[in-house]
Amino acid sequence: MTEQTKGAPWGDAPDIVLRLSRSLDSFDWTAAEGVCSELIRRLNDATAPFPADPAKQILYRLRRKRRFGLMALVSDALIRSGQAGPQIRRQYAQAMIDQGNLSASEIVLNSIIADPESPLSEKSEARGLLGRIYKQLYVNANDARSPRQQNGLGKAIEYYGEVYRSDPKEYTWQGINTVALLARARRDDLQLNTDWNTEETAQHIFDDISAKNNIQYWDRATLVEASVALNRLDDARDHLIYFVADPQVDAFEVGSLLRQLKEVWGLTPRAEPGASLLPILHAASLIREGGEMTLDRDDLQGGLEAVFGQDRYEPLKWLQDALKRCQAVARIETQMGRRLGSGFLVEARDFFQNPPPEPLLLTNAHVISPRDKPQLQSIAPEVAVAVFEATGQRAQVTSLVWTSPVDALDATFVTLAKLERDCLPCPLKPPPEPFDRKKTQRVYVIGYPLGGGLSISLQDSTWLDTDAKVLHYRTPTEQGSSGSPVFDQNYWSVLALHHKGKSDLPRLNGLSGTYEANEGVAIAAIQKAVQAPSQGASRP
C-alpha cells in the first residue's frame, strides 16, 4: 500500500496495526520486523505525521510482546516525523530503559516533565520511569556499599514516593515500588534518611486495592508484591493466579513482575515465597512470550524440587514437564572445553533389544562419531563429555553403541560414566498427536544454542510437515542446537532428533519448492533402523 491509500496520507494506518498485531500474536518476529521496517521507511519520507492513535497502538503492541528493539526504532521514526506527543516519547523512553540505554531515556523523561503540554498522568508516569532507571542502576551495580549507588537508590525511592504520595489511591504501582526498594535497602543493611514505614505502606496499598469494585490485572501484580511485603504467601499466590490467568496480561506484564520479584525482592526458587511464585510466572512467560527462555540453575533446581497441584493453574504442570526434560539434556564438549552440540538421555529399552541397564545419550553423528569414521566436524567418543547444566553434572562418554552417517539418520547413541544424580530420560510416551495439515501444531526444542546456556526454544515453533524419516519445523535453533530433542506440544514426548536447518530446505511429500525450516530425524525412523540396520549404521 502507498501513503495515498484510501484517500488519506495514512489511510492504511489501521491495516498496519492489524498486520503487526497478527504477526506478533503468532510470534512471527520476521513478519513483525518487516511491518516495522516498511513503516519506518515510509515515516522517513512522509510529509504528514502518522496518526496518534494508531501510533500508540503500535507501540503498545510491541511493548506487550517485549519487542523493545523494534519499539525504540519505530518510536524514534515517529518522533522525527512529527508525532512527538508525551505518550510517544514515554514509550520511547520505556523501550530504551528495557534495552539498558538509561542515560538517553532519562533525558527524554525529563523533557516530558518539563513540557507544559504534558498531562499530569504522563508526568507521573515519567517520574515513575525515572525511579525505574535509578532502581535498575542500583540492581545492576550490585554494590550496596558504594555511596554513588546508595544515592541512586535514594533517588529511586524519592521519584516513586513523590508520585505515590500525590495520590495514594491512584498511583499504587509507584507506591509498591517504593515499598520494594525500602525492603531491598533493609535487606542490604542500608540506613536511609526517610520517614517511610514499609509494612504500613504495603498494608495501605493492599487495603486500597482490595476495596475496589473492579480489580484490574495491574492491581493484581501490585497485590502480589504487597502480599510479599506483608509475608502473606497464600494471598500472594492467589493474586498471582488471577494475574497470569487474565487474558489482558501479556509478555511485558509477566516479565516485569518476574524481574521485580527476582531483582528487587530477591526471591529465588529455592525458598518461599519464590518457590511458589516464580514457577507460575515462568509458566506464564513460556506461554505468552512465544520465545526462547533461558533458565539458570536455580530456576531449574528450585522449580523441580517444588511440588504443586494442577487444580489452580493448569499450565504449571506443562512447565514442570518441560523442566523435567531439561534434566536429561546435555551440552556436548571436548575434554578441553570446546562446545559442539547437544544430546539427551533416552531409555535404552525404547530402542534396543537386550539393552544396557543405564540410559543412553542420543546425539548427532556429526557431533560424535567413531574416530576411524569421522562425520563433518564430529569428535571421537573418547574425548567427549556431556555437561548436564540442569543438575550441575559432567559425565565422560565411555563407549559408542550405535551410529548412522550424516547422510542417513545422523544419529549416535553413546554410554556415559555413572551420574552422581539420576536424571529422568526423555520419554517417547504418551504418543504425540499425529501431524495434521489442517491444524496449527507446534514442536519445542531444548538445547544449548551457540554453546551457551540451556534454553527452551518456543518462538515461531510451527510444525510444518513430516514424512517417515524427518520432521520440518520453524522452531528457531542456532549452531550448538544439533543433537537436541524435539518435543511435541502436549506431553513433552520426544518426536525427533534435531540435526540441521536451512533457508532453502526442500519441501517434503513431493511438494515443489523450498522454505526456511529446521529438520529433525524422526525418532520412529531411528527406532526402525536400530532394529533392522540397513542404512549404513554400525555397532562398534
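No lab work stands behind these numbers, since they all come straight from the coordinates. Keep in mind that this is a model prediction, so the values were computed, not measured. Backbone-built Cβ (ideal geometry, glycine too); neighbour counts: all protein chains shown.
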Cα-projected label distance for GLU347 with LYS502, points at 7 Å along beta-carbon direction, nm: 3.6
Amide H contacts of TYR515 (H built 1.01 Å from N, under 5 Å, at least 5 apart or other chain): LEU505, ARG507
Theoretical gain in end-to-end length, ASN151 to LEU419 [0.36 nm per residue, Cα-Cα removed]: 91.6 nm
Sequence of LYS438, LYS155 once ranked by neighbouring C-beta atoms within 10 Å, starting from the fewest: LYS438, LYS155
Tensor-based shape of region 9-117 (alpha-carbon gyration tensor, a/c under 1.5 rounded, otherwise prolate or oblate): oblate
Which of ILE379, THR415, PHE351, positive extreme of dipole for region 330-416 (C-beta unit charges): ILE379
Candidate values [x] -0.36, -0.77, -1.05; [y] -0.42, -0.92, -1.22; [z] -0.26, -0.61, -0.94, label of the one derived for log10 I(q)/I(0) by the Debye sum over Cα atoms at q = 0.06, 0.09, 0.11 Å⁻¹: [x]
Inter-label distance for TYR60 and THR334, nm, one decimal - labels placed 7 Å from Cα along Cα-to-Cβ: 5.5
Protection proxy ranking, peptides 367-373, 173-179, average beta carbon neighbours within 10 Å, highest first: 173-179, 367-373
Relative packing of 319-331, 131-143, which averages over residues the other C-beta atoms within 10 Å, highest first: 319-331, 131-143
Long-range amide H partners of SER146 with built H, under 5 Å: none
In degrees, nearest ten, helix 315-327 long axis to first principal axis of the chain (Cα): 50
Sequence-distant residues sharing a close amide H with GLY341 (under 5 Å, placed H): ILE332
Convex hull (Cα only) mean projected area of region 443-531, reported in nm² to one decimal: 5.9
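Would you mind classifying region 119-209 by shape? Square roots of the alpha carbon gyration tensor eigenvalues, ordered a ≥ b ≥ c; an a/c under 1.5 is rounded, otherwise it is prolate if a/b is larger than b/c and oblate if not. Each step should come with its number before you reach the end.
Working: a/c = 2.38, a/b = 1.37, b/c = 1.74.
Oblate, since a/c reaches 1.5 and b/c is not below a/b.
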Acute angle (nearest 10 degrees) that the helix 52-64 long axis makes with the longest principal axis of the chain, alpha-carbon atoms: 50
Length added when fully stretched, ILE241-ASP115, from 0.36 nm per residue minus Cα-Cα: 41.4 nm
Cβ-derived FRET efficiency at R0 41 Å, SER399 paired with THR268, nearest 0.05: 0.55
Region 67-86-region 141-217 distance, computed between alpha-carbon centres (Å): 30
Helix 120-141 vs. the chain, principal-axis angle (Cα, 0 to 90°, nearest 10): 50
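Rounded if a/c is under 1.5, else prolate if a/b is larger than b/c, else oblate: which is region 330-416, with a ≥ b ≥ c the root eigenvalues of its Cα gyration tensor?
Since a/c reaches 1.5 but b/c is at least a/b, the shape of region 330-416 is classed as oblate.
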Between region 236-257 and region 484-515, the Cα center-to-center distance that results, in Å: 33
Ordering of 443-451, 252-260, 416-424 by burial proxy (mean other Cβ atoms within 10 Å per residue, highest first): 443-451, 252-260, 416-424
